[in-house]
Amino acid sequence: NNLTLNNASGATLNADANLINTLVLTNGTFTVPAIRNFTLVSNATRTARIAAIAATANFSGNINMQRFLAPGPTEWRMLGSPATGTTLAQWGDDFATSGFIGSTCPPPACNWVSIWNYNEASPGDKDTGYVAATNITNPVIAGKGYWCYIGPVPLTFETVGTPNKFSFSYPVTF
């Protein structure tokens, strides 16, 4: 359920592991080697997480972060990534996408784009800043929201990468 690291020497994951509640890093570095999968499980009752990391602790390696979407209508949902180094391809293998190169239904068969983000610096009113995905290889940027048309649900999708950690600045200028 929970995993706590309080060891100045740290710890290294030596087998694939699933966490269903909370990783608490109090002291030392928790290392996930590239050959291992450390999955933060999400289901209908809970979503695993990494708690605030103490000043004397750290996380090294990748996470496989799942997110369960409960039953409901096919609709637009706002998504973000808990990890860096990810692309739309990590979502595109879990739910249908359309209207861009590499999507489940690419153009010209589907010209209706199912994933958008917002560029606040676009001139005009607030509705003119939406930017359509162009390729399944587009990066998913930390701190940026993505407007995604998703369904049918329920479904679980995942992102694999280095967890976003500590503080970082959001480039909000308007």
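To the nearest 20 Debye, how big is the dipole of the chain about its Cα centre, given +1 on the beta carbon of each Lys and Arg and -1 on that of each Asp and Glu? Mind dumping the intermediate values first?
On the way: 8 positive and 8 negative charges, 79 e Å.
For the chain, the charge dipole is close to 380 debye.
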Report relative contact order for the stretch 62-114 in percent, whole number only (criteria: Cα-Cα under 8 Å, sequence separation at least 6). 20 percent
Could I get the Rg over Rh figure for the chain? Both from C-alpha atoms, Rh via Kirkwood, rounded to two places. 1.02
Please report the carbon-and-sulfur percent of the accessible area for the chain; probe 1.4 Å, protein heavy atoms only, DNA, RNA and ligands left out. 55 percent
Normalising by the residue count of the stretch 1-64, find the relative contact order in percent from Cα pairs under 8 Å and 6+ residues apart. 36 percent
Could you tell me which residue out of T31, I63, I53 lies farthest along the dipole of the stretch 13-108 toward its positive end? Charges go on the beta carbon: Lys and Arg +1, Asp and Glu -1, centred on the Cα centre. I53
Cβ-Cβ FRET estimate between N1 and T104, R0 fixed at 41 Å, reported to 0.05: 0.70
Sticking with the crude label model, points 7 Å out along Cα→Cβ, report the distance from A96 to Y170 in nm, one decimal please. 3.2 nm
Cysteines not pairable in the chain (beta carbon separation under 4.7 Å absent): C148
Quick one: grab the alpha carbon gyration tensor of the stretch 1-95, order the square roots of its eigenvalues as a ≥ b ≥ c, and give me rounded if a/c is under 1.5, else prolate or oblate depending on whether a/b is larger than b/c. prolate
The stretch 1-57: Rg to Rh, with Rh as the Kirkwood radius over Cα pairs: 0.98
Residue-normalised accessible area of the stretch 109-156, expressed per residue, 1.4 Å probe, Å²: 57 Å²
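The values are calculated or read from the model by the stated rules, or taken from the named source; none is laboratory data. Computed from a predicted structure; not experimentally measured. Because the Cβ atoms are built from the backbone with ideal geometry, glycine has one as well, and the counts that use them run over all protein chains shown. In case anyone asks, the SASA skips ligands and DNA or RNA and just uses the protein heavy atoms, side chains included. Shrake-Rupley method; radii C 1.70, N 1.55, O 1.52, S 1.80 Å.
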